[in-house]
């Protein structure tokens, strides 16, 4: 199993069918194959050897698809970079896994000098935008034009396919190593569970550096489907793409579904080509999924739950649980049951399975479990114990095997599909000269799933406004990690052992609306 | 990936749903899990260690399903034995892979003494029938009743799961070694391609020792489906099972479809629960599949092509090719295109891909390729070259990647889903004292796909009737391998190099009807 396999099959079976559509630009599988094999030739000429990492820092585009396939074809390893990160964070990831080549589009050109400063290893920059390449960079189109196709390296099975950086439990980004086989089987899960049907017309609205989008991409490749790509999520862009291209399948975050439903022009568009929506990455409210089902009555909604370390799908809530009997029994409130390739257990601190209905840690076994964290054997051993990935999520399982996620055991916030680790935000806040103590929590947010909230105790006599604290954080960490709200307290609630009782804070602030801070 | 994984998931998600139905006996997944884990305990007590082979010689039953799962659960390797074989052939297979335990049902009790004589390794016989066990045998039910459950050995991935004996190119049965991963992914192909939907009610009419049935069994386990099992194919038994149990999916051989359609009582039964028919193992005539589609207008027909060495599916012809445009373009005459997990090429004698439309050998790569032939490294190396399994089938591929099987490069006949190698039959015929020369070929047969035909040159002055030759063969090889027709010729057509020109014989006898010999 290797990730260019779907492309090879499509070249054999569907050479003239449309593989990708990006802002009206259509490429057939035949064109895709030609571009990918030539770009791989270019990567070889640049010295990429089996297992070498190649980064990508870009908004969504057809080139993002070609990047993935060409890196695999060349025998390399993809390192898709979070577009929300600061130059310091990006450089940390690239340096950590020794990435020497980086592709990037126009949106990130102004980071180049900073990145060069911070990453001495970064030798080659490849411009993957629509215009002419800057003079100090190679060009994506030039590499395709100037190189002959090379044979597919066909790395496969447990060979490393990608390193996906994710904020770890300790707050420092860790490189999650995922194999070809893990990603291929995640695609099989999508096909077998009916979440991404074969020969569909699927929409990429989720950022393609996220494995949620990568999973959809691989499932569509395996199924010979057409990938409709928009640069970034925006309701009108989604509506336009569905109506113009007859999109039948879309992968969305709950926050995106919310924004689509809230949009005043929703009714104006002809969206009835849509048959399947796959959603996940963060919890969804019952009210939201109900509204979505009413708005799109002929769409089958499939929910997934998982994490990057699981390639990413662990559980699936099939469309049948969103309606009729499945819904009536309350199954629609769960995150689904173990997928066709996965085993899921709720375990206690010793890794022993707990009785049904008891809350414990969600543990997952199967071919999707990561190869490990890049260069972090201790963290890998802590997370994957006896083949079981310990997710850090608290959950319970009912008698039908449905998993209900009730809490995060690890102190992590998921906002807009991104993981934010409280400890990292707390470090940033504590660097402010006026701050004595700080606890960062996630507060339920209808649009983003959760938003970052900082509870602060100021130093005696010191002064600071919420806006000042937030501005301070923005100089240190990515914007999406910065607190959206700040509360100033006299003291933090502590346990006898001196630990901050975050659940008390969460209860206190659960009702804080998303109002302007100041 | 391991083959009890589906059972574990079903135990978690569907403990009270029906796992198997055999002659009215229904067992839930909870009962299945209990029986399997206890039977595995019994196998452990009998000394079965990881990788040990356990044979099964039985008509279809719910115990055949339990046998497979218990052997895997115990860490063993399944050796399902061809029920059409003679004691000599069975003993050859069991001895070849050193099988010490054999389960068998009432139908095969009269072979026991002969088997014991021929196989000194065979230490333990387990009676898997409905009555009381003979005094010199252990009992399947006794092993379940008398042993406590043991934990699942969870052998997985490339661990050996089964040895399937198949007549090889040389006519001597070879043990095809198939891994857990290969069988699991074959199940994923069935699910992803829509051939065996999740949560279906599927019918086992194909003998369960065949991998065609094994593939369906594993797909149903992975999908949490109900397995309806009949002891052996018979039209009325199939009709009864469909009508009584609301069967939605059936896996059938073309010869079985023919017999169902020909049956005078077909119209009497309520068969409209049926939604999917998966067929393969041998070619189907256009007339037959047309008649089938007219008779079952709401059934989606999916064809597969493959072989035991491929676990077994290589290509799939989805339902869409059986109707509408796919059919109009002639795709329904093909054996389908590479499945979602498989690569297929048509190659020349050097293994180089030939142009589309050119006839060559069908070669297949993917996770389904066997681990090898048991203890036959030379034969393995000849069949699997640079990861590609060379099927021995001649075929061509069209511009859509559809594969048309046009001839067998290996001299093999497929009759009723069974492989018969001409050379083996020729050896048997030639042992008749009156026979000077013999060439055995397959002739198209509407019911069986092909039937075995022997062209014979008698020794000067010697005499023999067709019936005598056939009776002679029956004492040496399995009944289904024996010639159905015999022609006596003055001479065999030979090439300049002295080789029998079998294609000339095939042309001469293609029109011989299935008349009585004598």
Starting from the Cα of residue A:504, step 7 Å along the direction of its Cβ; do the same at residue A:386; then give the gap between the two resulting points in nm.
3.6 nm
Relative to the other copies, what are the label-point distances for residue B:232, with labels 7 Å from Cα along the C-beta vector, expressed in nm at one decimal and sorted shortest first?
7.0
Consider just the alpha-carbon atoms of segment B:4-113 and return their Rg together with their Dmax, both in angstrom.
14.7, 45
Semi-axes of the protein assembly as shown's equivalent ellipsoid from the Cα gyration tensor, sqrt of 5 times each eigenvalue, largest first, rounded to whole Å?
57, 33, 25
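In the protein assembly as shown, what % of DSSP beta bridges are antiparallel (nearest 5)? Could you put the intermediate results ahead of the total?
Values: 102 of 178 bridges.
So the antiparallel bridges in the protein assembly as shown amount to around 55 percent.
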Going from the alpha-carbon gyration tensor of segment A:294-391, what semi-axes, largest first and in whole Å, does one get by taking the root of 5 times each eigenvalue?
29, 17, 9
Using only the alpha-carbon atoms of segment B:412-509 as identical scatterers, what base-10 log of I(q)/I(0) does the Debye formula give at q = 0.11 Å⁻¹?
-0.29
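Output the peptides B:345-351, A:209-215, A:500-506 sorted from most to least packed, where packing is the average of other Cβ atoms within 10 Å over each peptide's residues. All intermediate terms of the calculation are to be shown ahead of the outcome.
On the way: B:345-351: 14.0, A:209-215: 25.0, A:500-506: 16.1.
Highest to lowest by the protection proxy: A:209-215, A:500-506, B:345-351.
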Could you please state, rounded to a whole Å, how far the C-alpha centre of segment A:46-106 is from the C-alpha centre of segment B:266-311?
48 Å
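With contacts defined as alpha carbon pairs under 8 Å and 6 or more residues apart, what's the relative contact order of segment A:5-394 in percent? Write down the numbers at each step before the final one.
Details: 818 pairs, mean separation 53.1, N = 390.
Computed value for segment A:5-394: 14 percent relative contact order.
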Only bridges whose two residues both fall in chain B count here: according to DSSP, what percent of them are antiparallel, nearest 5?
55 percent
Taking every residue in B:191-198, how many Cβ atoms of other protein chains lie within 10 Å of its Cβ, on average?
5
The residues A:174, B:437, sorted from fewest to most surrounding Cβ atoms within 10 Å, come out as B:437, A:174
Post the alpha-carbon centroid distance, segment B:409-430 to segment A:7-45, in whole angstrom.
45 Å
What is the average number of partner chain Cβ atoms found within 10 Å of a Cβ in B:5-14?
5
Treating the Cα atoms of segment B:192-323 as identical point scatterers in vacuum, please give the log10 of the normalised Debye intensity I(q)/I(0) at q = 0.13, 0.15, 0.17, 0.21 Å⁻¹, two decimals.
-0.47, -0.64, -0.85, -1.39
Can you sort A:206, B:423 from fewest to most other Cβ atoms within 10 Å of each residue's own Cβ?
B:423, A:206
Quick one: label points 7 angstrom along Cα→Cβ at residue B:109, distances to the other copies in nm, smallest first?
8.6
Label-point separation, residue A:133 to residue B:471 (7 Å along Cα→Cβ), nm:
8.4 nm
Report the paramagnetic label zone for residue B:447: residues of segment B:239-271 whose backbone N is under 12 Å from a point 7 Å from Cα along the Cα-to-Cβ axis.
B:255-256, B:258-260, B:262-263
Taking the label point 7 Å from Cα along the Cα-Cβ vector, the copy-to-copy distances for residue A:130, listed from shortest in nm with one decimal, are 7.3
Taking R0 as 22 Å and r as the Cβ-Cβ distance between residue A:236 and residue A:298, the FRET efficiency 1/(1 + (r/R0)^6), rounded to the nearest 0.05, comes to 0.50
Mind listing the Cα extents of segment A:5-394 along all three principal axes, in Å, largest one first?
61, 53, 39
From a point 7 Å beyond the Cα of residue B:266 in the direction of its Cβ, which residues of segment B:425-457 have a backbone N at a distance under 14 Å?
B:447
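All of the numbers you see were taken from the coordinates with simple rules; none came from a lab. Quick caveat, the model's predicted, so the values are computed rather than measured. All Cβ positions, glycine included, derive from the backbone under ideal geometry; neighbour counts span all protein chains shown.
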